[in-house]
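Below: one structure, written as structure tokens.
The values are calculated or read from the model by the stated rules, or taken from the named source; none is laboratory data. Everything numeric here is computed off the predicted structure, so don't read it as measured data. Cβ atoms come from the backbone with ideal geometry, glycine included; neighbour counts cover every protein chain shown. Quick note on the areas: whole protein, heavy atoms, side chains included, nothing else; ligands and nucleic acids left out. Shrake-Rupley method; radii C 1.70, N 1.55, O 1.52, S 1.80 Å.
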Amino acid sequence: MVSLSEFLLSRLEGEMISWQVQQEAASRYKQTIGQIEEEILSAGFLPARYQRNRKTISAAEQLTLFRSRVTVIGCGGLGGYVLEELARLGVGQLVAVDHDVFEEHNLNRQLLATMSTLGRFKAEVAAERIASINPSVELVPIKEVFSRENSERLLAGSQVVVDCLDTIGTRLLLSSVCGELAIPLVHGAICGWFGQVATQFPGEDTLGKLYLRCTEDRGMEKIYGNPSFTPAAVASLQTAEVCKILLGRGSLLRKRVLYLNLLAMEMDELQL
Amino acid sequence: MMKVTVKLFATLRHNRFKVAEHEYSAAPTILAVAEELGIPREEMALAMVNGVLVSVEQVLQNGDTLSIFPPIGGG
């Protein structure tokens, strides 16, 4: 039998390997889809699913993304979209943390909430969704409430943590733990037509400043709720920040917050 | 008389305004301005004067631009 690299080379189309060949290689060489993906990317080629990435994200960068681990805390409105976008982007290892199950009032905005997922654990549904999109991605579902006690175990080995929580107290805990563990945190929060995004690196206290005056666990969303488009918009901005942190590219929302108003279609940048 | 430009963001604009110029006979604190506008304390998460994050106890100066943001915490 020819070696795996020779096998892949012989089936190259342009600089790409089709999904069919990737699957065939996995079965022939008794490796996981993920291991084959790493082999393809390491050789400087691209699984064909990423062909529309390639003028934006190089094959070398695609390998960096594949070798990255990102933890998403909260799999509701923001988290569902963030996980979807990270998996399609090709981030290889995802940890999805949420103790909750889908309920009817999630259906207006949460990507993973469907008629068939009502009553099911959000983290488990996330794992199934991601497996159906990109089998190269390993998603670890965690059905636990994020706490100081489990924080180190949940965040260990992650290059970036994404704050998709819905309570201010837990957001501040996450911020503090990320500081201690020296992990960059991408924050997003939503309320009605409005949202905010910020990236906090270790040693910075962006979330502490944002919520300094807050004595309650919820913001104005307790009154206004959230429509379908606000989580999608904010989650996409968060994912772009994660991508840039992992690749070391572009300008990040550090020491500033982007404040979105989708009703007036305004974006304001606040220096913190 | 002193003039302060007040900018409101997100939900704080409901039944109020986006930007307005206010006149005061004596220099007010940010809290006093918020109270005058009927903004409850818990609806004021961030106050910035001339683009700088400040304490809500801060006394405003003539010509200042005050921006007030509500807390946003949903996910």
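Each row is one residue, and each column tells you yes or no for (1) modelled with pLDDT of 95 or more; (2) surrounded by fewer than 22 Cβ atoms within 10 Å (Cβ to Cβ); (3) over 19 Å from A:LEU270 (Cβ atoms).
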| residue | (1), (2), (3) |
| --- | --- |
| B:VAL4 | yes, yes, no |
| B:LYS7 | yes, yes, no |
| B:ARG16 | yes, yes, yes |
| B:ILE30 | yes, no, no |
| B:LEU37 | yes, yes, yes |
| B:LEU53 | yes, yes, no |
| B:PRO71 | yes, no, no |
| B:GLY75 | yes, no, yes |
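Go through segment A:207-219 and give me each residue that's modelled with pLDDT of 95 or more and within 10 Å of chain B (Cβ to nearest Cβ). Can you show your working first?
Going through segment A:207-219, the residues modelled with pLDDT of 95 or more turn out to be A:207-211.
Residues satisfying the conditions are A:LYS209, A:LEU210, A:TYR211.
Of the residues that make up segment A:191-206, is at least one under 30 Å from B:ALA47 (Cα atoms), more than 20 Å from the chain's Cα centre (by Cα), more than 14 Å from chain B (Cβ to nearest Cβ) and assigned to a loop (DSSP other than H, G, I, E, B)?
yes
Taking segment B:1-34 on its own, how many of its residues are hydrophobic (A, V, I, L, M, F, W, C) and over 11 Å from the mean Cα position of the chain (by Cα)?
Residues of segment B:1-34 that are hydrophobic (A, V, I, L, M, F, W, C), as a first pass: B:1-2, B:4, B:6, B:8-10, B:12, B:17, B:19-20, B:26-27, B:30-34.
Now restrict to residues that are over 11 Å from the mean Cα position of the chain (by Cα): B:1-2, B:10, B:17, B:26-27.
Residues meeting the conditions: 6.
Taking the condition of being small (Gly, Ala, Ser) and within 11 Å of chain B (Cβ to nearest Cβ), how many residues in segment A:159-181 meet it? Steps first, please.
Narrowing segment A:159-181 to residues small (Gly, Ala, Ser): A:169, A:175-176, A:179.
Subset that is within 11 Å of chain B (Cβ to nearest Cβ): A:169.
Matching residues across segment A:159-181 total 1.
Among all residue pairs at least 6 apart or on different chains, which show Cβ distances below 8 Å where the first residue, located in segment A:220-239, is at the interface with chain B (Cβ under 9 Å from one of its Cβ atoms) and the second is open to solvent by 10 Å² or more (accessible area, probe 1.4 Å) and not in a loop (DSSP other than H, G, I, E, B)?
Going by the 8 Å Cβ cut-off, the qualifying pairs are A:MET220/B:GLU43; A:PRO231/A:TYR81.
Kindly list the number of the only condition in (1) within 19 Å of the chain's Cα centre (by Cα); (2) at the interface with chain B (Cβ under 10 Å from one of its Cβ atoms) that fails for A:PRO184.
(2)
Find the helices (runs of 4 or more DSSP H) located wholly in segment A:1-117 whose residues include 2 or more that are within 21 Å of the chain's Cα centre (by Cα) and within 27 Å of A:ARG153 (Cα to Cα), and list them. Outline the logic, then answer.
Numbers: elements: A:4-10, A:19-28, A:33-42, A:59-66, A:77-89.
Per the criteria, A:33-42, A:59-66, A:77-89.
Report, by residue number, each residue of segment A:118-164 that is among the charged types (D, E, K, R), part of a helix (DSSP H, G or I) and within 17 Å of the chain's Cα centre (by Cα).
Applying the first criterion (among the charged types (D, E, K, R)) to segment A:118-164 yields A:120, A:122, A:124, A:128-129, A:138, A:143-144, A:148-149, A:152-153, A:163.
When the remaining residues are screened for being part of a helix (DSSP H, G or I), the result is A:122, A:124, A:128-129, A:148-149, A:152-153.
A:LYS122, A:GLU124, A:GLU128, A:ARG129, listed by residue number.
Which of the residues belonging to segment B:47-61 are more than 7 Å from chain A (Cβ to nearest Cβ) and part of a strand (DSSP E or B)?
B:ALA47, B:VAL49, B:VAL52, B:VAL59, listed by residue number.
Of (1) hydrophobic (A, V, I, L, M, F, W, C); (2) within 26 Å of B:GLU57 (Cβ to Cβ); (3) free of Cβ contacts under 8 Å to residues at least 60 places away in the same chain, A:LEU181 satisfies all except one. Which?
The single condition A:LEU181 does not satisfy is (2).
Give me a count of the residues in segment A:83-111 that are open to solvent by 10 Å² or more (accessible area, probe 1.4 Å) and in contact with an Asp or Glu (Cβ under 8 Å, 6 or more places away or on another chain).
Here the count works out to 3.
Looking only at segment A:245-272, count every residue that is within 14 Å of another protein chain (Cβ to nearest Cβ) and either under 16 Å from B:ASN50 (Cα atoms) or open to solvent by less than 70 Å² (accessible area, probe 1.4 Å) (or both) and tell me the total. It would help to see each step written out before you state the result.
Of all residues in segment A:245-272, those within 14 Å of another protein chain (Cβ to nearest Cβ) come to A:255-272.
Okay, now just the ones that are also either under 16 Å from B:ASN50 (Cα atoms) or open to solvent by less than 70 Å² (accessible area, probe 1.4 Å) (or both), so A:256-262, A:264, A:266, A:268-272.
Residues in segment A:245-272 being within 14 Å of another protein chain (Cβ to nearest Cβ) and either under 16 Å from B:ASN50 (Cα atoms) or open to solvent by less than 70 Å² (accessible area, probe 1.4 Å) (or both): 14 in total.
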